[in-house]
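Encoded as structure tokens, the structure appears first; notes follow it.
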Amino acid sequence: MNIFYFDWGRENSTVYRMDTTNGKGLKPRVVRGSLNDQVELLVDLVEDNRPHKIIFDESDMGAIFKNRFAKLGSGKGIYLDKSGNLQYLDQILL
């Protein structure tokens, strides 16, 4: 199972990636730009890597990142539940 952990920052944020099946931490990715730019880049990373879960640091602005991710992601067929589990439209339709 692949898990993302999103640690927000004002000018750049870090996406930590873990493969829990193999017990490996994957190379973290840094996303830069405005809040909206970072959310768009995060949605693209999720779309490309299709993790099973994403965890947000919800302190301060982190909750806003999570809400914006959920809104933008749902427009691209990526659905986030309250626990951070992700579902993809093509999996739901099967």
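The values are calculated or read from the model by the stated rules, or taken from the named source; none is laboratory data. Computed from a predicted model, the values in this text were never measured in an experiment. Note that each Cβ is placed from the backbone with ideal geometry, even for glycine, and that neighbours are counted across all protein chains shown.
Here is a check on your reading of the model: is residue 45 out of contact with any Gly (no Cβ under 8 Å at 6 or more places or on another chain), assigned to a helix (DSSP H, G or I) and of a type in the set (A, V, I, L, M)?
Considered against the rule, which asks whether it is out of contact with any Gly (no Cβ under 8 Å at 6 or more places or on another chain), assigned to a helix (DSSP H, G or I) and of a type in the set (A, V, I, L, M), residue 45 comes out as yes.
List pairs: first residue in region 33-60 and modelled with pLDDT under 95 and surrounded by 13 or more Cβ atoms within 10 Å (Cβ to Cβ), second residue in a loop (DSSP other than H, G, I, E, B) and of a type in the set (A, V, I, L, M, F, W, C) anywhere in the structure, Cβ distance under 7 angstrom, at least six positions apart or on different chains.
Listed pairs, sorted by first residue: 57/8.
If the Cβ limit is 9 Å and pairs must be 6+ apart or interchain, which residue in region 15-27 that is more than 10 Å from residue 2 (Cα to Cα) and modelled with pLDDT of 90 or more pairs with which residue that is of a type in the set (Ser, Thr, Tyr) and exposed (fewer than 10 other Cβ atoms within 10 Å of the Cβ)?
From residues that are more than 10 Å from residue 2 (Cα to Cα) and modelled with pLDDT of 90 or more, there are no pairs.
Count, please, the residues in region 13-24 that happen to be more than 17 Å from residue 86 (Cβ to Cβ) and surrounded by 12 or more Cβ atoms within 10 Å (Cβ to Cβ).
Total satisfying the criteria: 2.
Please specify each residue of region 29-63 satisfying the condition of being in contact with a Phe, Trp or Tyr (Cβ under 6 Å, 6 or more places away or on another chain) and β-branched (Val, Ile, Thr).
39, 54, 55
Among the β-branched types (Val, Ile, Thr) and surrounded by 13 or more Cβ atoms within 10 Å (Cβ to Cβ): does that describe residue 30?
Taking the combined requirement at face value, the residue does not satisfy it.
For (1) within 18 Å of residue 17 (Cβ to Cβ); (2) among the polar types (S, T, N, Q); (3) within 13 Å of the chain's Cα centre (by Cα), each residue gets a yes or a no:
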| residue | (1), (2), (3) |
| --- | --- |
| 33 | no, no, no |
| 44 | yes, no, yes |
| 53 | yes, no, yes |
| 66 | yes, no, yes |
| 72 | no, no, yes |
